[in-house]
């Protein structure tokens with residue numbers, strides 16, 4: 001019985017999202033993700049080209065970049081749980097998971113700054129070489145995209161705390177299809193940042209191995 005209900009809920013959710021397929025928010029996020037993907041692929045290709053053309057030595061990536069991958073994976077998990085709590089009308093769990101995502105994102109930003117400090121300590125600055133310049137630009141752009149997502153997370157958290165004060169307002173909040181769509185899009189964006197960071201870390205570690 002539970003399996004049937006789960007399938008039914010997923011089917012209804014899928015149909016609901018299909019109705020929003022060409023919603024401006026959906027289209028906008030798709031264009032943003034395509035543009036960001038193209039930007040980072042172009043920068044990755046430019047770094048490879050620059051290294052080959054100029055015979056640049058590899059840069060050693062600070063270990064903290066790998067640790068940040070775990071932190072971002074954690075923030076993706078909390079976003080998934082927030083979405084799950086939203087579907088289950090779990091007010092407390094929903095707010096806690098949003099808080100968890102915000103906190104983990106802030107921890108990621110602090111640790112990223114520490115990673116840059118480790119590069120400074122090793123005399124690797126943005127103007128040290130083309131490879132160093134690309135490393136700072138690429139990691140800095142990813143950092144900026146995390147910052148760009150935080151206001152949306154904050155808005156969801158603020159709205160939840162403001163409206164989830166009585167049973168009727170909670171019911172209205174959880175039954176709003178556009179709110180559910182926005183949460184879904186924000187979750188997709190956060191998973192995208194996670195996947196992008198994993199790609200970048202693997203890319204830089206592979207570059208580190210190639211002499």
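Bear in mind these aren't lab numbers, they're just calculated from the coordinates by the rules spelled out. All values reported here derive from a predicted model rather than from experimental measurement. Counting neighbours? That spans all protein chains shown, and the Cβs are built from the backbone with ideal geometry, glycine included.
Neighbouring Cβ atoms within 10 Å as the yardstick, rank 185, 141 fewest first.
Values: 185 20, 141 15.
Ranked by crowding around the Cβ, least crowded first: 141, 185.
Taking 0.36 nm per intervening residue step and subtracting the Cα-Cα distance, what contour gain separates residue 176 from residue 127 on full extension?
12.6 nm
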Completion exercise
Label model pair residue 206, residue 150: point-to-point distance (7 angstrom along the Cα→beta-carbon line) in nm is 3.1 nm
Practice task
Could you list 183, 209 in order of exposure, starting from the residue whose Cβ has the fewest other Cβ atoms within 10 Å?
Solution key: 209, 183
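Kirkwood Rh over Cα pairs of region 99-147 into Stokes-Einstein at 37 °C, 0.692 mPa s: D in µm²/s?
Values: Rh = 11.5 Å.
In µm²/s, the coefficient is 285.
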Practice task
May I ask for the Rg/Rh ratio of region 47-112, computed from Cα atoms with Rh as the Kirkwood radius, given to two decimals?
Solution key: 1.29
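Please give the FRET efficiency for residue 48 paired with residue 96, using the beta carbon to beta carbon distance and R0 = 45 Å, rounded to the nearest 0.05. Intermediate values should be presented prior to the final figure.
On the way: r = 43 Å, r/R0 = 0.95.
With R0 = 45 Å, the Cβ-Cβ based efficiency is 0.60.
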Practice task
Multiply the residue gap between residue 37 and residue 163 by 0.36 nm, knock off their C-alpha separation, and tell me the result in nm, one decimal place.
Solution key: 41.8 nm
Completion exercise
Cβ density ranking, 10 Å radius, fewest first, applied to 175, 128 yields 175, 128
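Using 0.36 nm per residue, how much length does the chain from residue 141 to residue 27 gain when fully extended, once their Cα-Cα distance is taken away? If you can, show how the numbers build up before the last one.
Values: separation 114, 0.36 × 114 = 41.04 nm, distance 2.22 nm.
Extending this stretch completely gives an extra 38.8 nm.
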